[in-house]
Amino acid sequence: MTNSLYPSYRVGIIGGLGQLGSWCGNLFREIGCKVLVTDVGTELTNTALVPQVNVVVVTVPIGVTGAVLEEICPQLREDQLLVDLTSVKTPFVTEMERSKAEVLSAHPMFAPTLASTAGQSCVVCRVRVGDKSRWFEDVLREAGLRLVEMTPDSHDRTMAIVQGLTHFQAIVAGHCMAAMGFQPSESLATASPVYKARLAMIGRILAQNPRLYAEIQIFNPYVRSVLAHVQRSSELLAGFVEAQDVDGFAREFVRVREALGGFCEQSLEGE
């Protein structure tokens with residue numbers, strides 16, 4: 001990256017010692033920005049940080065995001081930018097809009113520990129656009145990220161599937177294995193490529209921060225509806241198994257495949 005993108009901007013990162021906050025801080029230091037950080041245990045406080053910077057980035061656990069926004073939003077000026085990097089949008093954007101600042105809500109769709117983020121996706125919700133929010137997006141693009149514009153509501157509806165459904169099913173599978181006393185490592189010798197990929201996802205999720213995954217499930221307002229559909233679908237298909245109804249199961253299988261359009265055939269091409 002170059003240092004031509006307004007290196008005189010001062011960026012404050014609330015939650016800047018965590019993985020995502022550290023990634024964000026390094027991103028802006030690389031282009032010459034002065035970066036100030038607050039986190040648990042830092043001498044600098046959130047309210048002391050805000051007046052000193054042009055851009056405030058909130059990257060704290062979902063469960064405390066609302067409290068942080070309530071604390072800092074009354075301080076923000078019209079010549080500042082407020083950004084959040086949380087996995088959930090609709091519960092927090094309304095609070096962000098109460099500030100006088102430009103508002104951009106972003107969601108990097110990758111682990112901040114990746115060696116390279118080039119080509120990775122980042123959702124951006126353009127809430128109150130101005131020069132600084134456009135600058136922030138330019139920095140993300142120059143870092144190689146592919147920006148996907150969404151509204152906060154469409155983000156949360158989509159993430160209820162992308163994250164809520166996917167994470168929940170992986171955690172349930174791991175929970176089931178643990179309840180049965182099954183050790184995944186013992187099955188690897190006979191594992192198919194699809195099974196290995198599935199195990200890798202289950203293991204990857206369960207190896208990470210449990211509160212993060214709990215908060216994604218609980219704070220996204222659309223996850224509960226998705227999980228209700230999961231339960232209904234599971235009960236329907238389990239009913240065919242219990243009744244030993246091969247034809248019924250197969251009919252439902254075909255109905256689902258047709259409903260998903262060409263996606264299923266396209267997926268085979270990647271094997």
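The values are calculated or read from the model by the stated rules, or taken from the named source; none is laboratory data. Remember, it's a predicted structure, so these values are computed and weren't measured experimentally. As a convention, Cβ positions derive from the backbone with ideal geometry for all residues, glycine included, and neighbour counts pool all protein chains shown.
A few comments on the model shown:
- Checking each residue in the range 28-44 for being buried (at least 21 other Cβ atoms within 10 Å of the Cβ) and either part of a helix (DSSP H, G or I) or at positive phi (or both) picks out only Phe28.
- Within the range 106-118, being surrounded by 13 or more Cβ atoms within 10 Å (Cβ to Cβ) and not polar (S, T, N, Q) holds for Ala106, His107, Pro108, Met109, Phe110, Ala111, Pro112.
- Condition check for Ser121: within 27 Å of Arg211 (Cβ to Cβ), surrounded by fewer than 15 Cβ atoms within 10 Å (Cβ to Cβ) and without any contact (Cβ under 8 Å) to a residue 40 or more places away in the chain: yes
- Scanning the range 83-124 for residues that are of a type in the set (Ser, Thr, Tyr), part of a loop (DSSP other than H, G, I, E, B) and at pLDDT 95 or above gives Thr86, Ser87, Ser99.
- Selection of the range 150-187 for residues being touching a Lys or Arg at 6+ places or on another chain (Cβ under 7 Å) and of a type outside the set (D, E, K, R) yields Pro152, His155.
- Annotation note: Cβ proximity below 8 Å between a residue of the range 160-171 that is buried (at least 17 other Cβ atoms within 10 Å of the Cβ) and a residue that is among the polar types (S, T, N, Q) and not in a helix (DSSP H, G or I) (sequence gap 6+ or interchain) occurs for Ala160/Asn220; Gln163/Ser87; Gln163/Asn220; Gly164/Asn220.
- Test for Ile218: is it out of contact with any His (no Cβ under 9 Å at 6 or more places or on another chain) and assigned to a helix (DSSP H, G or I): yes
- Failed item in (1) over 20 Å from Thr65 (Cα atoms); (2) at pLDDT below 95, with Leu206 passing the rest: (2)
- Residue match in the range 66-75 (condition: of a type in the set (A, V, I, L, M, F, W, C), buried (at least 17 other Cβ atoms within 10 Å of the Cβ) and part of a loop (DSSP other than H, G, I, E, B)): no
- Filtering the range 75-108 to residues that are without any contact (Cβ under 8 Å) to a residue 60 or more places away in the chain and either small (Gly, Ala, Ser) or not assigned by TED's automatic domain parsing to the domain that holds Leu20 (or both) leaves Ser99, Ala101, Ser105, Ala106.
- Filter result for the condition that a residue is at pLDDT 95 or above, assigned to a helix (DSSP H, G or I) and in contact with a strand residue (DSSP E or B) (Cβ under 9 Å, 6 or more places away or on another chain), over Thr166, Thr158: Thr158
- Residue within the range 179-186 that is in contact with a helix residue (DSSP H, G or I) (Cβ under 7 Å, 6 or more places away or on another chain), aliphatic (A, V, I, L, M) and assigned to a loop (DSSP other than H, G, I, E, B) present: no
- All conditions in (1) in contact with a Lys or Arg (Cβ under 7 Å, 6 or more places away or on another chain); (2) under 30 Å from Phe92 (Cα atoms) hold for Cys264, with the sole exception of (2).
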